[in-house]
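**Student:** Okay, handing you the structure first.
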There are 2 protein chains.
Amino acid sequence: MKQEIPYKIYLEENEMPRQWYNVRADMKKKPAPILNPATLKPITVEELSAIFCEELAKQELDDTTPYFEIPEEIRSFYRMYRPSPLTRAYCLEEKLQTPAHIYYKFEGNNTSGSHKLNSAIAQAYYAKNQGLKGVTTETGAGQWGTALSMACAYLDLDCQVYMVKCSYEQKPFRREVMRTYGAHVTPSPSINTEVGRKINAEFPGTSGSLGCAISEAVEAAVSQKGYRYVLGSVLSQVLLHQSIIGLETKAALDKYGIKADMIIGCAGGGSNLGGLISPFAGQMLRGEANYDIIAVEPASCPSLTRGVYAYDFCDTGKVCPLAKMYTLGSGFIPSANHAGGLRYHGMSSVVSELYDQGLLTARSVEQTKVFEAAQLFAKVEGILPAPESSHAIKAAIDEALKCKETGEEKNIVFGLTGTGYFDMVAYQKFNDGVMQDYIPTDEDLKTAISKLPKVD
Amino acid sequence: MKQEIPYKIYLEENEMPRQWYNVRADMKKKPAPILNPATLKPITVEELSAIFCEELAKQELDDTTPYFEIPEEIRSFYRMYRPSPLTRAYCLEEKLQTPAHIYYKFEGNNTSGSHKLNSAIAQAYYAKNQGLKGVTTETGAGQWGTALSMACAYLDLDCQVYMVKCSYEQKPFRREVMRTYGAHVTPSPSINTEVGRKINAEFPGTSGSLGCAISEAVEAAVSQKGYRYVLGSVLSQVLLHQSIIGLETKAALDKYGIKADMIIGCAGGGSNLGGLISPFAGQMLRGEANYDIIAVEPASCPSLTRGVYAYDFCDTGKVCPLAKMYTLGSGFIPSANHAGGLRYHGMSSVVSELYDQGLLTARSVEQTKVFEAAQLFAKVEGILPAPESSHAIKAAIDEALKCKETGEEKNIVFGLTGTGYFDMVAYQKFNDGVMQDYIPTDEDLKTAISKLPKVD
């Protein structure tokens, strides 16, 4: 019985998808257009190309083309760590004594330790292809910066990372991984940029913020010849690249004739969730199949479950385009004690629109429960999961336990986006029993949401 | 052309070896017997069973049985992360512009981050099977402790790790991984054991040593009912379990009709090297094939290239059995500035005997060169390698460059034993350009070697 479906379903290299899937093409009601922050009008490819590579700007605004060819150079890079395994969690099933079948798509088997690499190599490739010298970006926890550093090293492209100063100092290991791959990592706010100098002057000794780092990275991109800015989540282009996760998952399930009942993903900016669910949501949009799709977000930063669906800035610094999305307000700062990542105030406009159309449900979970699930998973399945990914684990375990009550043999599929090797400070808090939960009050949320930009 | 052999050769789960291979069975001249430290006579299974599990004591002393069945419970655990990929390093080949074909067997795709898990689960299984409550061990850098913690968590076995105090304090992340898996991690010297209390009294404020940690772990094992001591390298039982690496490598090569010309492995205590080369050395011993087998050791701890072949204690504390091996003397302490692991004074008695019979050659490399190779590898192949593993990378690159000179299309196979996520302090030194090499003088070596025990 156990032997019928292997522990790990690996696609052959020639079964790896040759195209990314753009779920927007199958949406009758499209996500609202993103707006130029200066004019509050829908942004054009030309305007967007001042910040992003031209090909990426095109991908960002294309909501009709269903498939994009994955260039051979990117496929070649993918083959170093893809296809990633779809793993049957036999040991977890046995531990839970559930009749449910649990599968997880594991994206952590690469040095960046997460799914971020899928889009990093794509964005770096288009930059290289456009003849650029390099790219700039920001990083908070460091997963995106690591992925981008690896992609740039591979393509021999300059990589400038503005790393939130407190992370730069408190997460020296992530910083050193990036440096090993040849990236230039600058603590933000820095004295390299006008905005950085201004913030340093206004708030001497500040330890920085993601919003500030984005503003510095964007300024660095537009003020240097041959550079563009790249971003690791939220954008529709990123979801497009991340669709490789869902496409491979679906191909692996189909190979063994498995029909998923539930698809579960953690949700921060939406890049992993959007990529994982895209082909399944596409089937639902085309009326071909039905799935319970569940987005799991932290109770400390509940954009889907407690946010509003409105136009908002994508960044705290308000230099990036505005998007219509579920948001807590770009001024919302999640509690610093939240260790589980996913600390983004908004949500991918694609995921937001799918959610608004009722194609997926959302739930929020508290971080101590998330770490309990992470530890259980690590003990029986071996992999030490990233706190972000563990939000999905928590929901998958909850659903599997429901199946135990009802006796249902559901096929539960979740996305295991990455590993937790660089998150041991959070695990230590958990191990020491001093991890705390934080749930914003209605008052907290009201304040941030009341400051949303006025867009008609 | 590139498509003929995939980037990653994965065996099917049903192609995973069902037996470990004991290379000693094919050796006409066997490794010298290990000796009881009290009597200096060959130790018996009964004597050894006071410290080790009985089944493991039997495996340790059995030099005639060629194959040992891998119990289904261990195979089930293996399936969570095995078969591990044999990867064709296409990108490295292209970077080096070499006609050589480079393959590496990657053992880092599990949370312990190294090959250590292959033996940890076996040792934990036999302990569980004997009805024991738990096991004790020591750990320096923490890879072995992590692997054992994972194995014990899976089998619900108590795991007590004595971690060298300076590592406990300077490597808190490794410590926290072990704690997350439920292990009890104690900084050594501790006040739990007689030997620990004695050392603490003699050397107040000492930051410990591996020798002291071994002594504490052994004392903890023999003084608690239902506990035994386990060790992650050097022992013949460990090489037996690690033969899975070589067996899978050979099966993957055979699957594609590839005949290896060179097999390269890093060498510390010899567990990875011995496991990787076992089936190939077996072929050589049986006169069926020939290979260039190369052991790569750090210039700072050159047991094969500059040691003597003699009986020595396996541990600095002199509580473990004596083995005949290439050794620098159990009193030899490699420079603390050496970041690359592999800091063991001796070498597996099996590897030592094979080396003495001329079945393999050895070379030593300096750590700055090792890190240069590691960085190059990371940039083109994506994986951030462990410093230990990078010794093999360095030699593989050197050999591939020789092929570039000669035009030979050699098939070079090396073992990539693990990842470097927890070694970023060393990478930082390298990135900052402050890493130093250390090569012991002849005088240094003479002193330690002169103190070898007298065994007739």
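The values are calculated or read from the model by the stated rules, or taken from the named source; none is laboratory data. Quick caveat: nothing in here was measured; it's all calculated off a predicted structure. Counting neighbours? That spans all protein chains shown, and the Cβs are built from the backbone with ideal geometry, glycine included. These accessible areas exclude ligands, DNA and RNA; they are computed on the full protein's heavy atoms, side chains included. Shrake-Rupley method; radii C 1.70, N 1.55, O 1.52, S 1.80 Å.
**Student:** When residues of segment B:175-207 are filtered for being in contact (Cβ under 8 Å) with a residue 60 or more places away in the chain and surrounded by fewer than 24 Cβ atoms within 10 Å (Cβ to Cβ), how many remain?
**Tutor:** Final tally of qualifying residues: 1.
**Student:** Within segment A:268-282, track down each residue that is modelled with pLDDT of 95 or more and more than 20 Å from A:Y104 (Cβ to Cβ).
**Tutor:** Of everything in segment A:268-282, just one residue is modelled with pLDDT of 95 or more and more than 20 Å from A:Y104 (Cβ to Cβ), namely A:G282.
**Student:** Being touching a Phe, Trp or Tyr at 6+ places or on another chain (Cβ under 8 Å) and among the aliphatic types (A, V, I, L, M) is the filter; apply it to segment A:288-314 and report the residue that is surrounded by the fewest Cβ atoms within 10 Å (Cβ to Cβ).
**Tutor:** The qualifying residue surrounded by the fewest Cβ atoms within 10 Å (Cβ to Cβ) is A:A289.
**Student:** Does segment A:411-422 contain any residue that is under 19 Å from B:P172 (Cα atoms), touching a Lys or Arg at 6+ places or on another chain (Cβ under 9 Å) and within 13 Å of another protein chain (Cβ to nearest Cβ)?
**Tutor:** The answer is yes; a qualifying residue exists.
**Student:** Quick one: how many residues across segment B:288-312 are within 16 Å of B:L445 (Cα to Cα), in a strand (DSSP E or B) and within 18 Å of the chain's Cα centre (by Cα)?
**Tutor:** 2
**Student:** For segment B:54-116, which fully contained helices (runs of 4 or more DSSP H) count at least 1 residues that are within 9 Å of chain A (Cβ to nearest Cβ)?
**Tutor:** Fully inside segment B:54-116 and qualifying: B:72-78, B:90-96.
**Student:** Please pick out the residue among A:A374, A:A395 that is under 30 Å from A:K29 (Cβ atoms), of a type in the set (A, V, I, L, M, F, W, C) and open to solvent by less than 10 Å² (accessible area, probe 1.4 Å).
**Tutor:** A:A395
**Student:** Please enumerate the residues belonging to segment A:423-456 that are assigned to a loop (DSSP other than H, G, I, E, B) and within 14 Å of another protein chain (Cβ to nearest Cβ).
**Tutor:** A:D423, A:D432, A:G433, A:V434, A:M435
**Student:** Let me ask something else. Check whether at least one residue in segment A:370-378 is under 23 Å from A:L210 (Cα atoms) and among the charged types (D, E, K, R), and report yes or no.
**Tutor:** No, that holds for no residue.
**Student:** Among (1) under 17 Å from the mean Cα position of the chain (by Cα); (2) open to solvent by 10 Å² or more (accessible area, probe 1.4 Å), which single condition is B:L285 missing?
**Tutor:** (1)
**Student:** Looking only at segment A:335-362, how many residues end up being touching a helix residue (DSSP H, G or I) at 6+ places or on another chain (Cβ under 6 Å) and among the β-branched types (V, I, T)?
**Tutor:** 2
**Student:** Can you give me the number of residues within segment A:208-249 that are among the hydrophobic types (A, V, I, L, M, F, W, C), out of contact with any Cys (no Cβ under 9 Å at 6 or more places or on another chain) and under 28 Å from A:P85 (Cβ atoms)?
**Tutor:** Of the residues in segment A:208-249, 6 are among the hydrophobic types (A, V, I, L, M, F, W, C), out of contact with any Cys (no Cβ under 9 Å at 6 or more places or on another chain) and under 28 Å from A:P85 (Cβ atoms).
**Student:** Taking segment B:377-409, which residues are out of contact with any helix residue (DSSP H, G or I) (no Cβ under 7 Å at 6 or more places or on another chain), in a helix (DSSP H, G or I) and within 14 Å of another protein chain (Cβ to nearest Cβ)?
**Tutor:** Result: B:S389, single match.
**Student:** Which condition number does A:G317 fail, the rest of (1) open to solvent by less than 10 Å² (accessible area, probe 1.4 Å); (2) more than 16 Å from the chain's Cα centre (by Cα) being met?
**Tutor:** The failed condition is (1).
**Student:** Can you spot a residue in segment A:90-104 that is basic (K, R) and touching a strand residue (DSSP E or B) at 6+ places or on another chain (Cβ under 9 Å)?
**Tutor:** Scanning segment A:90-104 turns up no residue that is basic (K, R) and touching a strand residue (DSSP E or B) at 6+ places or on another chain (Cβ under 9 Å).
**Student:** When the residues of segment B:320-371 are narrowed to those that are buried (at least 22 other Cβ atoms within 10 Å of the Cβ) and β-branched (V, I, T), which ends up nearest to B:K394 (Cα to Cα)?
**Tutor:** Selected residue: B:V370.
**Student:** Before we move on, is B:K58 farther than 30 Å from A:S76 by Cα and either modelled with pLDDT of 95 or more or under 20 Å from the mean Cα position of the chain (by Cα) (or both)?
**Tutor:** Yes.
**Student:** Here's something else I'd like to know. Can you pull out every residue in segment A:100-135 that is open to solvent by 10 Å² or more (accessible area, probe 1.4 Å), within 18 Å of A:C266 (Cβ to Cβ) and of a type in the set (D, E, K, R)?
**Tutor:** A:K116
**Student:** Can I ask one more? I'm trying to understand the selection: among the residues of segment A:237-265, which are among the acidic types (D, E) and not in a helix (DSSP H, G or I)?
**Tutor:** Listed by number, the list holds a single entry, A:D261.
**Student:** Of all the residues that make up segment A:251-278, how many are surrounded by 22 or more Cβ atoms within 10 Å (Cβ to Cβ) and either among the basic types (K, R) or within 17 Å of the chain's Cα centre (by Cα) (or both)?
**Tutor:** Within segment A:251-278, residues that are surrounded by 22 or more Cβ atoms within 10 Å (Cβ to Cβ) and either among the basic types (K, R) or within 17 Å of the chain's Cα centre (by Cα) (or both) number 16.
**Student:** Regarding segment A:339-358, can at least one residue be identified that is out of contact with any Gly (no Cβ under 8 Å at 6 or more places or on another chain), assigned to a loop (DSSP other than H, G, I, E, B) and at pLDDT 95 or above?
**Tutor:** Yes; the residues of segment A:339-358 include at least one that is out of contact with any Gly (no Cβ under 8 Å at 6 or more places or on another chain), assigned to a loop (DSSP other than H, G, I, E, B) and at pLDDT 95 or above.
**Student:** Mind checking which residues of segment A:7-53 are assigned to a loop (DSSP other than H, G, I, E, B), closer than 30 Å to A:E94 by Cα and either more than 14 Å from every other protein chain (Cβ to nearest Cβ) or open to solvent by 20 Å² or more (accessible area, probe 1.4 Å) (or both)? Give the derivation first.
**Tutor:** Quick first cut of segment A:7-53, residues assigned to a loop (DSSP other than H, G, I, E, B) only: A:7, A:10-12, A:16-18, A:22, A:27-34, A:36-41, A:43-44, A:49-53.
Checking the rest, the ones that are also closer than 30 Å to A:E94 by Cα come to A:7, A:10-12.
The answer is A:Y10, A:E12.
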